[in-house]
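Structure record follows, encoded as C-alpha cells.
All of the numbers you see were taken from the coordinates with simple rules; none came from a lab. Since the structure is predicted, the reported quantities are computational estimates derived from the model, not experimental observations. Cβ placement follows ideal geometry from the backbone for every residue including glycine, while neighbour counts extend to all protein chains displayed.
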Amino acid sequence: MLHEIKPEQHPPLGQEMADAISTCVHCGFCLAACPTYKELGQEADSPRGRIVLMKEVLEGNLELESALPHIDPCLGCLACEPACPSGVPYRDLISPFRAQSESKRQRSLSQRLTRWMTQFTLPYPKRFRLAAKTGKLAKPLSFLLPRSMRVMLDLLPPRLPKQQDWKENYPAIGNQRARVALLTGCAQSVLDPDINTATIEVLNRNGVEVVVPKNQGCCGALSWHVGNLPQARQFASQNVHAFPEDVDAIVTNAAGCGSGMHEYHLILKGTADEAKAESFRHRVQDVASFLMQLGDLKTPPDLGRTRRIAYHDACHLANAQGVRAEPRNLLRMIPGVELREINDAHLCCGSAGTYNIDQPEIAASLGKQKASNVIATAAEVVATGNIGCMTQLSNHLTKQESGIQVQHTMQVLRDAYLASETE
Amino acid sequence: MNEPSETRPNPSEDQTLDTPESLEQLRDAVQSSPRVLAVGQRTKPPLSETDATLVCTRRLSGITEYEPSEFTFTALAGTPLTEITDTLAQRGQYLPFDPVLAGAGSTLGGAVGAGLSGSGRFRYGGIRDFLLGAKFISGEGEWIEAGGKVVKNAAGFDIPKLLVGSLGRYGVMAELTFKVFPQPVAQLSLGIKCSTHELARQRMARVAKSRWELFAIDYQPDPGIVHLRLGGPPQANDQIAEEIQTEWSGEVTNIPLSESIWAKTSELNFGPHDTVLKVPTTGPKMQQLCETLESAEGVTLHASLAGQLVWIAVSGNTRLRSIDTLLQSLGLSGLMVRGNGTCWLGSENGAGMAIGSQMQRAIKQAMDPTAKFPELPFPELIASQ
Amino acid sequence: MEPLDSLASIYPESRFSRDAAFQAAFESDGLTVFRAKPRAVVIPESAEEVIQTIRWCHEHAVPFVARGSGTSLSGGSLPVADGIVIALNRLNRILKIDPVERIAVVEPGVVNQHVSDAAASEGLYYAPDPSSQSICTIGGNLAFNSGGAHCLKYGMTSNHVIGCKAVLATGEVVTMGGESLETVGPDFTGLFVGSEGLFGVAIEITLRLLPKPEQFHTVLVGYDSLQAAGDAVSAVIDSGLLPGALEIMDALSIEAAEAAVACGYPPGAAAVLIVELEGPREKIEQERQQLDEILTSTEPFAQRVAVDEADRLFIWKGRKSAFSAVGRLSPDFLVQDGVVPRSRLGEALVRIQQLSAEANIRVANVFHAGDGNLHPLIMFDGSQPGALHRAEELAAKLSRLCIEMGGSITGEHGVGMEKRDFLPEMFDEPTIRMMHRIREAMDPKVIANPGKMFPGKEAPALSKVGLHPLEKAGVISRE
C-alpha cells in the first residue's frame, strides 16, 4: 500500500512500521481470520482497517484519538499473519504503534489505575502473589471498584496453588542429549507453578539438562504488547544478560512469553543490547517445538485406555511462532490418546494478555465461544501451551458447568510418563 | 388474463411476413414498419401473436464462426438449431441444455427469444447460461453488439441474458454467440418406476444431490417413471447405473437411448396434444400439479429438471381455463409455447412475478424507447413492493 | 434538520458513522490506487434498513456505494467522496438451505465460502470460487459477476444466481426470478447480476447449489516454458475432457506463491499448470487415465498428483494466494483481468512479455487458461515518481491488446473504476447508449455506485494522491 510516512519521525521503529504497511496490498484475506472483525463486523476493526488507520495516524492525517477505539480492541493474536498472502508482519506494526501511542494518549484515571495495577503486579511473581491474595480478600467488595478492576478480580482463581521454587539446575535423566535454559515466567509461576515442574520433568526424562537462570525476570511481552516500552526494555535487557550463552536453546512454555522474546530485537532496537537481542531471539524456542526437533522421544507407557484430548492453539504459539503441529504430535505420542480438533480453532480464546481486563465484552464473548467449541469436542482434557489461555478456558468452562480439565501440554505429557508409576 | 379459450385468427394470414436476406435488409425491414416483431420458423406460435409486422429471420441462416477449441460458435439468428447441433456433433461438441423444438425447425434466435431449455439444462445450465453475445437491432434501427465472443466476460451489462425469454420484444436478433461443451463420450438412460408422485419427487430429490452427477432427471407422471440420463465414459456409466439399480432393486430399467424420452421431450412431444405450456415450479408444486391433473382427460404432464419445470400438454383450448385457475391457485405461471391463443396463463405472482413494477416498464422503455416492438404479453414479471 | 441527521436517525449511533476513522478505513477496496473518503458509513443489520437508506439517498439525491468485504480488484466498491457507504457485511444470515430443491437463500453480506460450509452437511456446495472466497461476499460476487478457477465447467456467479430481491436506486423493491432453475419472461436476474451496483442493492439472493463432486483428481504439472504449458491446455481441451479447472502460473507468480505459502511447486519451472478433474469416482478413474496420457505427451519436466484432499488444497493454496503474494515481490501492483480467445493465448503471452520488456516493468502472469482469462500482475513501486503512471500505461496497453484479439477487458473482476475508460473501446456507441438507458431506467438520479463502469461525467471519487496519472496525461477526465 502506498503511504507517505516519514520513518525518521517515528523512532525507533518507524522503518519497521512503514515496511509492514507498504507490504499490505489491502486484499482483505485477513478479515476472515480476525476474531474482532468477526465480533464487531466492521472494517475499522479488522487488521486491514487497523493498518489503514495506523498508516493515517503515522502520516499525520488522522488524530490518534480517532484511531484508538479501533486499535485498542486488537487482541494482538496475530491470526492475521498466517492468513496474509503478502506476508505483512503485523506484529512489527501493532506493538511499536502501541508503544508509540501510549505516551501520547489520554487515559482516564480508572484506566490508568488498572494499567498500573496490572503492569506493577503481573510481571513480578512476588507482587502478583501478594496482590492475588489481597484481591481474593477484596472480592466481596468488588462492586465498589471500576469495572475493569472487577474483571481483574473475577479472573483470580479461588485459591492459589502452593508456591514453588526451582533449583538452578536439573540434570538429564540417562544420557544427556541437550542442555537448555528455561524461562519460568511470572504470572504463570504464581498461577500454575506445576507447568514449570512438568516441563522440567519432561525435558529431563528425554535426556535434556535444564538450567533455570537465577537472575531472569518477566519476559516483558505483557508490557510490550500493551505499549509500555520502557518496562519492556528493562525486562528484555535483564533477560538477555541473565540467560547463559552455552545452552542449546532458551526454552519457553508460555506462548506469550516465547513470542515476546522472539521480538526482543524490536524491543531493544536502538539500545546498547540491540546486537545481543538479535542473537538471543534466535535461540528462543517453545518447549514443544524443541522436543519435536530433538526427536527420538521416550514413549509414555501404554495404559490400555483411550483418552480424548482436545488441543487448543494458543495464538502466540500458533500464529506468532508457527508452532501448531508439534504439540499435537507430542500428544499423539501418548498411547491411547485420541486427539480432537476444536471448531473455529483459529479464533482467539479472548485471553490475550491483559485483554480480558481492557476489553472485557469481546474477551467474554470469545471465551464463551471457545468454551462451547471445546465442550463440543467431548474431550476429557483440553491441552494448550499458554497460561493465559488456560485461565480463560478454565473460567469459561466452569461458567458453562463443564468438567473438562484444562492442562498444559507438558502437564499432560508428564502425567503420562508418571502414570505407570502412580497406578 | 385474456380469454385463453378464444382462438385468434392466425396472424400469418393477415400480416405481411417480411423475409430479409441480408443484415442490411433486416434493418431496413425493422425501420420501415411502425411496429415489428421478429420471428424465425414460428414453431412457437403463441409467442408471436401480435398485430405488429412480422419480420422473419429464417433466410439469415448459417454458422459464421466456429472454432471448436474455443468452445464457442457464432451463428445468424435464423440458423436452424439442427444445423448447429449437427455441426457441433461432427466435432464432438454440443449445447448441453437440449435445445427445444430443433426437430420442428426452430431457429437459434427463436430459441433465445422464447428462452426454452430442455432436460439437459439440469446439469450445466440453460440457454441463458450458454449465450455469450448478441448482435441485434434496436427499435431505433441501430446495431447493438452486447456481450462478447469469448467464454468469459464481465464487461458491461449482460444484455444478452435480458434477451433470453424476451419474446423479441426488446430488439431483433441477428447474430448470436454461444458457449459449447464437449459431448460426453457416451450416454445411458434409466427409468425408475414410482408408484406415487410423492415417491417420484423423493427419488428425484435423492438422485439430484447424489454423487452420480446426472445429466438429466425427468418424470413422466403417467406411467409414473423417473428418467435419468448419465453421461461419461461407457464403463463409468455402466458402473453407476449398476449402483442405481441396486439402490431401487427391481424398479430400475435400462432404457435404450433409441427408446428414451429425451428426444421426444426436446420436441415437446407429449402425446397427441397440440398445446404445450411451460411452467417453472419447484418439487412440492410439481407434485400438486401431478396429483390434481392426474385424472384430467386430454392433459399430459411431463416434469424436467428434477421437478423444477413442468410441461403441460393439452389438446385444444378447452381445458386451458381450468388449468389457468389451477396455476393461479398454486401461484404458478405458465407460458404457452405451442398451440393457439394468448401465451400467458396462471398467476401474476408465479415464480416471483407481480403487477405494478416500475422496473419492467422502465427496462422496456430503455430497450425500446420508440415502442417499435410489441409490449411483453405478460403481467409485470417482477414482483414489487 | 440537516439531511444527514435524518439518515442517522435510521440507525443506532454505533452503526452510523461520519468519523474520520471510518472514512479512512473505508476509503478503498482491493484496488488501493483509488481512494476516496465517504461522507458517512452506515452498517445496516436488516434489509429494511437498507431499503430506508436507499430511499433516503434517492430522496436527497445522495450517491451511495454498497460494499461487502471490499475485495474488489477493479475499484468497484470505491466510495464516492460526497456519498454514503452502505457496509453490508452484517447482513450475513443464510436464510435458508433447501437440500431438496438444492438452493440457498442468503443475505448479501454472507461470505462466499460460508454458503458451501453451510451446505456441506447436505453434500452440496456453491460452485463459484473466487480466490478471495474465504472473505468476499455473495452480494459483491453478484454485483461483479465474479468468477473463479472453476468457471470453465460451471460458469460464473451469473450461472448460479436464480433469483434475487433487490432495492433499486429508486427505492423500489423488486423480486426477480425465484426458486426454480427456470423462469418465464426476460431474464431480469441475468441482467441484474454483474451490473456493478449501478442498479441498486440485492438484499436477498437465491443461489443454486450443486452436489459436491465425489472425487477430485488434481494434477500439478511443471513446464520449461509458458508456451509448453499453453500447448498442454490446448491438448487437454481438444481431447474432449471437460476439466473443472485449468490454471497456469508463470515463473514470477510461482516465486511469489512459494514465498507466501511454500506450496511446493516444482523448482525451476517456467510455468506450472494445474488441471483438476472432478466427478464420481468411476468417471474419474476413466478420465484420469486419459488425462495422464495427454499430459505425458506434453513432456512436462515435473508432475505431481494430489494424494488427498489436504494435498489438493495445498496445491490450490499456491494458486489462490498468488495475487496477494505478489505483494512480496513488489510493493505495489495492478491486477489485470483481460480475456483472449483461448487459441490465441500463446500469442497474447508473447505480446505481454514484449510490452513488459519495452516498458521495463515486471509482469507476473496467473491465468485461468481454460477460459483464456489472463491475470497479468503489473509490478511497480509507488513510492517512485511516475511509476504508477507507467504501470497504468502498460495496463492500458494490455486491455487494448485483449480487445484487439477479440476478447474482453474483464473476465471476472468487473469494469469498476479501473477499466471504465476502456468500456467504449469494447462496445460501440449505440450499445453504450443502450447501457446508459438501462442504467437510468433503474437509477434515474445516477446515485447507485456512480463513477463505475462508464467513463465520463459522473463524479468519480478523488484519488487521494491528487490527480489520477491518466488525468494528468489527459487520457481521462472527470468533472
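Assorted remarks:
- The base-10 log of I(q)/I(0) for the stretch A:1-131, evaluated at q = 0.14, 0.19, 0.20, 0.23 Å⁻¹, reads -0.67, -1.07, -1.15, -1.35 [Debye formula, identical scatterers on Cα atoms, solvent excluded].
- Relative to the Cα centre, the charge distribution of chain B, modelled as +1 at Lys and Arg Cβ and -1 at Asp and Glu Cβ, gives a dipole magnitude of about 600 debye.
- Spin-label pair residue C:383/residue B:249, simplified geometry with 7 Å Cα→Cβ offset, distance in nm: 7.5 nm
- Residues with amide H under 5 Å from that of residue B:334, placed H, sequence gap 5 or more: B:345, B:346, B:347
- Here the dipole of chain C is about 880 debye; that uses its Cα centre as origin and unit charges on the Cβ of Lys and Arg (positive) and Asp and Glu (negative).
- Values of log10 I(q)/I(0), in the order q = 0.04, 0.05, 0.09 Å⁻¹, for the protein assembly as shown under a Debye, Cα-only, solvent-free model: -0.26, -0.40, -1.17
- Leading residue at positive end of dipole, the protein assembly as shown (Cβ point charges), from B:38, C:340, A:301: A:301
- Between the residues B:104, B:153, B:119, the greatest Cα displacement towards the positive end of the dipole of the stretch B:63-182, with unit charges on the Cβ of Lys, Arg, Asp and Glu, is found for B:119.
- A Förster radius of 56 Å combined with the Cβ-Cβ distance from residue C:59 to residue C:404 puts the calculated FRET efficiency at roughly 0.80.
- For C:292, C:5, the sequence from fewest to most other C-beta atoms within 10 Å is C:5, C:292.
- Radius, Kirkwood style, for the stretch B:186-265 when every pair of distinct Cα atoms is counted (Å): 12.5 Å
- Percent of Cα-Cα distances greater than 21 Å, calculated over the stretch B:63-182: 30 percent
- The stretch C:366-450 - Rg and Dmax from Cα coordinates, angstrom: 15.5, 44
- Summing +1 for each Lys or Arg and -1 for each Asp or Glu among the other residues whose beta-carbon sits under 11 angstrom from that of residue A:135 gives +4.
- In chain A, the longest principal axis of the Cα atoms and the axis of helix A:360-376 are about 40 degrees apart.
- Relative exposure of C:443, C:337, judged by other C-beta atoms within 10 Å (fewest first): C:443, C:337
- Convex hull projection area averaged over all views, chain B, Cα basis, nm²: 18.6 nm²
- Under-5 Å amide H pairs with residue B:267, H placed in peptide plane, nonlocal only: B:101
- The distance separating the Cα centre of the stretch A:228-269 from that of the stretch A:147-214 comes to 16 Å.
- Annotation: the residues C:404, A:263, A:201, sorted from fewest to most other C-beta atoms within 10 Å of their own C-beta, follow the order C:404, A:201, A:263.
- Cα-based helix-to-principal-axis angle, C:309-320 vs chain C, degrees rounded to 10: 60 degrees
- Surface/4 of the Cα convex hull for the stretch C:259-328, nm²: 5.4 nm²
- FRET efficiency, residue A:372 to residue A:298 (Cβ-Cβ, R0 45 Å, nearest 0.05): 0.80
- Each listed q (0.06, 0.11, 0.13, 0.14 Å⁻¹) maps to a log10 I(q)/I(0) for chain C from the Debye sum over equal C-alpha point scatterers, namely -0.26, -0.91, -1.25, -1.42.
- Distance distribution note for the stretch A:200-351: the fraction of Cα pairs above 26 angstrom is 34%.
- Student exercise, the stretch A:7-102 dipole from Lys, Arg, Asp, Glu Cβ charges, in Debye to nearest 20: 320 debye
- Across chain A the C-alpha pair distances fall into 10 Å bins from zero in the proportions 5, 22, 33, 27, 12, 2, 0 percent.
- Here is the P(r) of the stretch C:293-401: all C-alpha pair distances, binned every 10 Å from 0, give 13, 37, 33, 15, 3, 0 in whole percents.
- Radius 10 Å from Cβ of residue B:126, net charge of other residues (Lys, Arg +1; Asp, Glu -1): -2
- Amide H contacts of residue B:341 (H built 1.01 Å from N, under 5 Å, at least 5 apart or other chain): B:8
- Average projection, convex hull of the Cα set of the stretch C:1-151: 9.7 square nanometres.
- Across the options A:351, A:311, A:331, the greatest Cα extent toward the positive end of the charge dipole of the stretch A:307-422 (unit charges at beta carbon of Lys, Arg, Asp, Glu) belongs to A:331.
- Shown is the FRET efficiency for residue A:154 and residue A:107, computed with R0 = 30 Å from the Cβ-Cβ distance and rounded to the nearest 0.05: 0.85.
- Spatial offset of the stretch C:279-352 relative to the stretch C:1-67 amounts to 40 Å, using the alpha carbon center of each.
- HN-Hα J in Hz across the stretch A:204-209 - Karplus 6.51, -1.76, 1.60, θ = phi - 60°, x for Gly and Pro: 4, 4, 9, x, 10, 7
- Crossing angle, helix C:226-238 versus chain C [Cα axis fit, 0-90 degrees, rounded to tens]: 90 degrees
- Computed helical MRE - 222 nm, the protein assembly as shown, DSSP H runs ≥ 4 contributing -39500 (n - 2.57), nearest 500: -10500 deg cm²/dmol
- Cut-off 15 Å between beta-carbons: net charge of the residues surrounding residue B:371, Lys and Arg +1, Asp and Glu -1: +2
- Residue by residue, the stretch A:314-327 carries 3J(HN,Hα) couplings of 6, 3, 7, 9, 6, 7, 7, 10, x, 9, 10, 6, 4, x Hz when phi is fed to the Karplus relation 6.51 cos²θ - 1.76 cosθ + 1.60 (θ = phi - 60°); x denotes Gly or Pro.
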